[in-house]
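The values are calculated or read from the model by the stated rules, or taken from the named source; none is laboratory data. What you see is a predicted model, and the numbers here were worked out from it, not measured in a lab. So basically every Cβ, Gly included, is an ideal-geometry build from the backbone, and we count neighbours across all protein chains shown.
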């Protein structure tokens with residue numbers, strides 16, 4: 001499943017990964033999207049996933065990592081650049097005991 005860029009030039013192909021319960025809920029392990037910013041990635045996710053699946057990604061506690069580094073910015077509403085060919089991982093809330 002590949003998301004196509006709707007607007008803007010210079011977009012790069014990103015590898016999106018969904019882990020653990022998010023992978024089960026979204027129904028896919030990986031997705032390819034074209035974006036050069038977090039705003040562009042959010043647009044691609046809304047276009048590529050069902051409304052319910054996209055909503056799960058915005059749940060409290062869901063974090064993202066870009067190239068295996070957790071992102072401190074508020075990815076749900078902030079816009080920042082994403083490096084070309086980056087791997088973006090969506091990580092569910094982790095509980096421990």
Test for residue 54: is it surrounded by 11 or more Cβ atoms within 10 Å (Cβ to Cβ), under 12 Å from the mean Cα position of the chain (by Cα) and in contact (Cβ under 8 Å) with a residue 40 or more places away in the chain
no
Can you list the helices (runs of 4 or more DSSP H) lying wholly within region 2-97 that have 1 or more residues being modelled with pLDDT of 90 or more and at positive phi?
20-26
Restricted to region 34-47, and to residues that are without any contact (Cβ under 8 Å) to a residue 40 or more places away in the chain and in contact with a helix residue (DSSP H, G or I) (Cβ under 8 Å, 6 or more places away or on another chain), which residue is surrounded by the fewest Cβ atoms within 10 Å (Cβ to Cβ)?
46
